[in-house]
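Visitor: This is the structure I have questions about; it appears just below.
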Amino acid sequence: MVQSKEVMERNIHAYDEDMKWQLAEPGALMSAKNYRDKKALPLVEKLKEVVKNLTIKCVQLTEQSRKLTAKMDGQQKQISRLTDKVMEQNDTIDRLQEKASDLGRLERYFGREQVQSIVERSKALEQAERSKKRPKRAFEIDR
């Protein structure tokens with residue numbers, strides 16, 4: 001950024017001081033038509049070219065700025081969505097840590113083996129219920 005600012009300042013000084021950007025004094029016995037054709041018009045053409053190039057660059061930078069703004073907005077939305085997801089996961093982690101603490105309390109009170117056997121029996125009951133709810137397939141009915 002600083003380097004481009006220095007380049008821009010040098011270019012501004014060039015427009016103010018460089019002889020190729022200055023309107024030359026008319027030569028001795030030079031007619032107004034010759035002065036216009038040989039001195040004024042070439043300078044005006046150079047200035048037109050510079051203005052045209054600057055206009056093109058301005059349009060390009062405006063378009064680039066618009067694209068970058070749109071990209072930044074999209075990334076802000078993504079950051080917001082991911083932040084919400086992280087917050088939900090933190091809540092889930094907190095709940096799971098509380099359940100783990102409760103399980104630890106139960107294991108200390110009843111003993112690890114008894115709690116483990118209760119959990120295994122509960123899993124077996126859940127499995128049996130799921131198998132009862134599952135519809136019989138045609139090949140299983142024929143047996």
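Visitor: With the checklist (1) within 22 Å of A14 (Cβ to Cβ); (2) out of contact with any helix residue (DSSP H, G or I) (no Cβ under 9 Å at 6 or more places or on another chain); (3) of a type in the set (A, V, I, L, M) in hand, flag the one item V50 doesn't pass.
Guide: (2)
Visitor: What's the total number of residues in region 14-41 that are in a helix (DSSP H, G or I) and under 47 Å from the mean Cα position of the chain (by Cα)?
Guide: 7
Conditions (1) part of a helix (DSSP H, G or I); (2) modelled with pLDDT under 95, marked per residue:
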residue: S80; (1), (2): yes, no
residue: K85; (1), (2): yes, no
residue: N90; (1), (2): yes, no
residue: V115; (1), (2): yes, yes
residue: R130; (1), (2): yes, yes
residue: R143; (1), (2): no, yes
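Visitor: To continue, here is another question. Does F110 count as surrounded by 10 or more Cβ atoms within 10 Å (Cβ to Cβ) and either at pLDDT below 95 or polar (S, T, N, Q) (or both)?
Guide: It is true that F110 is surrounded by 10 or more Cβ atoms within 10 Å (Cβ to Cβ) and either at pLDDT below 95 or polar (S, T, N, Q) (or both).
Visitor: Anything in region 1-15 that is among the small types (G, A, S) and exposed (fewer than 10 other Cβ atoms within 10 Å of the Cβ)? List them, or say none.
Guide: S4
Visitor: Here's another thing I want to ask about it. Among the residues of region 16-30, count how many are small (G, A, S) and surrounded by 10 or more Cβ atoms within 10 Å (Cβ to Cβ).
Guide: 2
Visitor: Still on this structure, please answer the following. What number of residues in region 113-123 are among the aliphatic types (A, V, I, L, M) and either loosely packed, with under 10 Cβ neighbours inside 10 Å or in contact with a helix residue (DSSP H, G or I) (Cβ under 7 Å, 6 or more places away or on another chain) (or both)?
Guide: 1
Visitor: Looking only at region 60-69, decide whether some residue is surrounded by 10 or more Cβ atoms within 10 Å (Cβ to Cβ), out of contact with any strand residue (DSSP E or B) (no Cβ under 6 Å at 6 or more places or on another chain), assigned to a loop (DSSP other than H, G, I, E, B) and not small (G, A, S).
Guide: no
The values are calculated or read from the model by the stated rules, or taken from the named source; none is laboratory data. As the structure is a computational prediction, the values presented were derived from the model and not from experiment. In this analysis, Cβ positions are derived from the backbone assuming ideal geometry, glycine residues included, and neighbour counts consider all displayed protein chains.
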